[in-house]
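Only one structure is covered here, and it is reproduced in the block below.
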Amino acid sequence: MERKHVDLSVPSAARMYDWLLGGSNNFEVDRVACQLLLEVAPTSREIALNNRWFLQRVVRVLAEEHGIKQFIDFGSGLPTQRNVHQIAQEAHRESRVVYIDTDPVVLALGQSLLDENDNTALLPVDMTDTDTIFGHPDFTRLIDFTQPVAALFVSVLHCLPDSAGPKALVERVADRLVPGSFVVVCQLVSDDPKVRDEVTELMRTQTGGNWGRVREKADVEEIFEKLLVEEPGLVDVTDWRPDSEIQQRQRSVEWTEFGGLGKVPSGSRPGGAG
């Protein structure tokens, strides 16, 4: 895998997220950016934890209750405890997971973690470039589109500007999935226009433009128009089948991760353009 240069002068959303989760794979520039973020949105740590717990719960539900054995994690971020392949392979040892990210630190650390697991791969491809993703040798080795797949867009679409077509991206992927497959989407939203504007401007400035925007719940709801939304519906992810009251009490205030789980309906026809 080609190593990309790490620009230590520009914060990375992935490394900022790592710091908010209490990780160590971040740099001073990321920590400074996080402090600025906490001034605008003081419960940003809570939102990071809520998102990570949601990812772990939804993967477990998909593997254990729906029998899904193939996962595509778009914008996977830095490896941490209880990654997608670890949870999925606890339920089904043969589960296969493809991670997709372009952050050079993610690629370096993630590849070292996955080298010993033949049923996983990390693709250094822009997540909007579905043609390249679906045609990549490691992807075709691991993912069989004739069988159910779970596509994960967890806390990542807000990193895409509207010009990149986040809704269209999800629809392109969903169009390739057979009925009975699933799509997971959650992203940062706020009912407060001031929070949306301030956080969006801060993150765009800090990350050198590698950011989209904090959106509204209606934007997320539109993404699920062609999917069958599973219970408990589209919610603050803190309320998506929580494991404990402790997790439910760990709430964000200024903004939330909003989304849920959608099933590809039986009337859909897989095999659209990548």
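Only the coordinates and a few stated rules stand behind these numbers; no lab work does. The shown structure was predicted, so the numbers you read here are calculated from the model rather than taken from an experiment. Cβ atoms come from the backbone with ideal geometry, glycine included; neighbour counts cover every protein chain shown.
Points worth noting:
- Its DSSP H runs of at least 4 residues, each contributing -39,500 (n - 2.57), put the calculated 222 nm mean residue ellipticity of the chain at -11500 deg cm²/dmol, to the nearest 500.
- For residue 63, neighbours were defined as the other residues whose beta-carbon sits under 13 Å from its Cβ, and their charges (Lys and Arg +1, Asp and Glu -1) total +2.
- Whether the range 36-139 is rounded, prolate or oblate, judged on the alpha carbon gyration tensor where a/c under 1.5 counts as rounded: oblate
- Counted charge near residue 24, where neighbours are those whose Cβ lies closer than 15 Å (Asp, Glu -1; Lys, Arg +1): -1
- Order of 99, 17 under a 10 Å beta carbon neighbour criterion, fewest first: 17, 99
- Hz values of 3J(HN,Hα) by residue in the range 134-147 - Karplus curve (6.51, -1.76, 1.60), Gly and Pro given as x: 5, x, 5, x, 5, 5, 5, 5, 9, 10, 10, 6, 7, 10
- Taking a sphere under 12 Å around the Cβ of residue 166 and counting the other residues whose Cβ falls inside, with K and R at +1 and D and E at -1, yields a net charge of 0.
- Scattering profile of the chain at q = 0.10, 0.15, 0.16 Å⁻¹ [log10 I(q)/I(0), Debye over alpha-carbon scatterers]: -0.47, -1.15, -1.33
- For the chain: relative contact order, % (alpha-carbon pairs under 8 angstrom, 6 or more apart): 21
- Each of 18, 118 has some number of other Cβ atoms within 10 Å of its Cβ, and from fewest to most they run 118, 18.
- Charge dipole magnitude, Cβ of K and R +1, D and E -1 - the range 150-221, Cα centre, debye nearest 20: 240
- 25 Å Cα-Cα reach of residue 263 towards lysines, excluding residues that sit fewer than 8 places from it in its own chain: 69, 167, 217, 226
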